[in-house]
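Novice: I have a structure here, written as structure tokens, and I will follow up with some questions on it.
Values quoted throughout were computed directly from the atomic coordinates according to the rules given, and no laboratory measurement underlies them. Quantities reported herein were computed from a predicted structural model and do not represent experimental measurements. Glycine also receives a Cβ, built like all others from the backbone with ideal geometry; neighbour counts cover every protein chain displayed.
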Amino acid sequence: MPHIKTSDGVQLYYEETGEGAPLLFMHEFGGHYLSWEPQVRHFSRLYRCIAYAARGWPPSDVPEDVASYSQARAADDAADVMKALGIDKAHLCGLSMGATAALEFAIRHPGKALSLTIAAGGGGGSTEAAAKVKFKQECESFAQRIEREGMPAMAELYCTSSARVTYKYKDPRGWAEFKQQFADGSAKGHAMTMRGVQGGRQPFFERTAELQKISEPMLVIIGDEDESTHGLAVHLKENVLRCGVLEMPRTGHTMNLEEPAAFNAAVESFLHAVERDRWPARAGKTYTLIPPSR
């Protein structure tokens, strides 16, 4: 099984399909590298697609220490995957946890992304002090529940949330497969990720100056039934120079599986626009074409 070793010694499993410009897929907390299968099958006709399992998601390693998990580390893992595979720059496509890791990648590794697809990205909690403390406490409580009750029990809760019921309604077979993959995951890995990544990250709403430095083309995709992602989408549109936003109707959090054809078409159109230098910067109502850094 193919693995790469990160700069801090963690083995990450990856799969690579196709040829062309590199396209790196970064999965969500509720998902898996296999959650990108509809995209890999589609985009590997034109791109070199790489999907990898985040640390804590077997067959990648599951570090025991919570200090091994953070949003910064998740972004650096993506950079380590690229380096190990001899990739200087790549298109990044992330969903939820993977989307925030992709944003962090753009901040920590400027000039290394050809483009950024930020799907179902959350803000990482409120900026108010009391709400931030509460959010961290909720993450710890959820982590303890994962450890106490196990992944199958948590799948019953997590995969039936309000942001995922549209997926269950539209595609019960696909949703059941998604739920089973979650149930088969590592309780330790999910609990540590909940503590170190979700519970430990700083809200992007407090990092406006860093977001304003992102020069890479960005497509933000949200579902209209996934309200927790709407605030960050607006914030990114207002502060990232080359950002566009797409809202998918009657769609929840797991949009790439719930509406794969629409998702693939939107991302493909975006990538082609980027490749043709047709994703301009926007300042006020004036558009300025900025050649991508390659």
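Novice: Would you mind ranking Phe25, Phe142 so that the residue whose beta carbon has the fewest other beta carbons within 10 Å leads the list? The partial results should precede the final answer.
Specialist: Numbers: Phe25 26, Phe142 19.
Result, fewest neighbours first: Phe142, Phe25.
Novice: With charges only on Cβ, +1 for K and R and -1 for D and E, what is the dipole size of the chain about its Cα centre, in debye, rounded to 20?
Specialist: Numbers: 33 positive and 37 negative charges, 121 e Å.
The calculated dipole for the chain is roughly 580 debye.
Novice: Further question: Which links in Lys89/Lys237; Lys89/Lys134; Lys5/Lys188; Lys5/Lys213 stretch past 32 Å when you go from one Cα to the other?
Specialist: Working: Lys89/Lys237 23 Å; Lys89/Lys134 38 Å; Lys5/Lys188 20 Å; Lys5/Lys213 30 Å.
Over 32 Å Cα-Cα: Lys89/Lys134.
Novice: Ratio of segment 15-87's C-alpha Rg to 2.2 N^0.38 Å, to two decimals? Walk me through the intermediate numbers first.
Specialist: Values: Rg = 12.7 Å, N = 73, 2.2 N^0.38 = 11.2 Å.
Dividing the Cα radius of gyration by 2.2 N^0.38 Å gives 1.13.
Novice: On to the next question. At q = 0.15 Å⁻¹, what is the base-10 log of I(q)/I(0) for the chain according to the Debye formula with one equal point scatterer per Cα and no solvent? Please give it to two decimals.
Specialist: Per q value, in the given order, log10 I(q)/I(0) is -1.20.
Novice: Continuing with the same structure: Given R₀ = 41 Å, FRET efficiency for Glu210-Ala176 by Cβ-Cβ distance, to 0.05?
Specialist: Here the calculated transfer efficiency is 0.55.
Novice: Pick from Tyr52, Tyr167, Tyr158: which is most flexible by mean-square fluctuation in a GNM of the chain where alpha carbon atoms under 10 Å apart are linked?
Specialist: Maximum among the listed residues: Tyr158.
Novice: I would also like to ask the following. Determine the dipole magnitude for segment 173-294: charges of +1 sit on the beta-carbon of Lys and Arg, -1 on that of Asp and Glu, nothing else is charged, the reference point is the Cα centre, and the result goes in debye to the nearest 20.
Specialist: Working: 15 positive and 16 negative charges, 88 e Å.
The calculation lands at about 420 debye.
Novice: Ratio of segment 44-158's C-alpha Rg to 2.2 N^0.38 Å, to two decimals?
Specialist: For segment 44-158, the normalised Cα radius of gyration is 1.21.
Novice: Now for a different question. Only Cα pairs under 8 Å and at least 6 apart count here; give the relative contact order of the chain as a rounded whole percent. It would help to have the intermediate numbers written out before the result.
Specialist: On the way: 577 pairs, mean separation 55.5, N = 294.
Worked out over the chain, it gives 19 percent.
Novice: For the chain, return all DSSP H helices satisfying: extent of Cα atoms along own axis at least 24 Å; mean Kyte-Doolittle hydropathy at least -1.0. Mind dumping the intermediate values first?
Specialist: Working: long enough: 129-149 (30 Å, -0.88).
Those that pass (Cα extent of 24 Å or more, hydropathy at least -1.0) are 129-149.
Novice: Counting other beta carbons within 10 Å of each residue's own, what order do Ser228, Ser96, Ser35 fall into, fewest first?
Specialist: Details: Ser228 15, Ser96 26, Ser35 22.
Least to most surrounded, the residues fall as Ser228, Ser35, Ser96.
Novice: If the elastic network links every pair of Cα atoms under 10 Å, which of Ala191, Ala120, Ala131 fluctuates the most in the Gaussian network model of the chain?
Specialist: Between Ala191, Ala120, Ala131, it is Ala131 that shows the largest mean-square fluctuation.
Novice: Once you sort the root eigenvalues of the Cα gyration tensor of segment 117-207 as a ≥ b ≥ c, which label holds: rounded (a/c under 1.5), prolate (a/b larger than b/c) or oblate (the other case)?
Specialist: Working: a/c = 2.28, a/b = 1.42, b/c = 1.61.
It comes out oblate by the Cα gyration axes.
Novice: When we measure straight from the Cα of Lys170, which aspartates and glutamates land under 14 angstrom away, once same-chain ones fewer than 8 places off are left out?
Specialist: Glu225, Glu258, Glu259
Novice: Next question, about the same structure. Farthest toward the dipole's positive end in the chain, which of Ala99, Pro152, Gln212, given Cβ charges of +1 (Lys, Arg) and -1 (Asp, Glu) about the Cα centre?
Specialist: Gln212
Novice: Please report the Cα spread of segment 143-294 along all three principal axes, rounded to whole Å, starting with the longest.
Specialist: Ordered largest first, segment 143-294 gives principal extents of 53, 33, 28 Å.
Novice: Right, another one. Once you sort the root eigenvalues of the Cα gyration tensor of segment 165-219 as a ≥ b ≥ c, which label holds: rounded (a/c under 1.5), prolate (a/b larger than b/c) or oblate (the other case)?
Specialist: Working: a/c = 3.29, a/b = 1.59, b/c = 2.08.
In terms of gyration-tensor shape, oblate.
Novice: Let me make sure I get this right: for segment 215-267, a, b and c are the square roots of the gyration tensor eigenvalues over alpha carbons, sorted descending. Under 1.5 in a/c it's rounded, otherwise prolate if a/b > b/c, else oblate. Which is it? Could the numbers behind the result be given before it?
Specialist: Details: a/c = 2.98, a/b = 1.43, b/c = 2.08.
It is oblate, given that a/c is not under 1.5 and a/b is not larger than b/c.
Novice: Counting other beta carbons within 10 Å of each residue's own, what order do Leu257, Leu157 fall into, fewest first? Could the numbers behind the result be given before it?
Specialist: Numbers: Leu257 23, Leu157 12.
Ordered by Cβ neighbours within 10 Å, fewest first: Leu157, Leu257.
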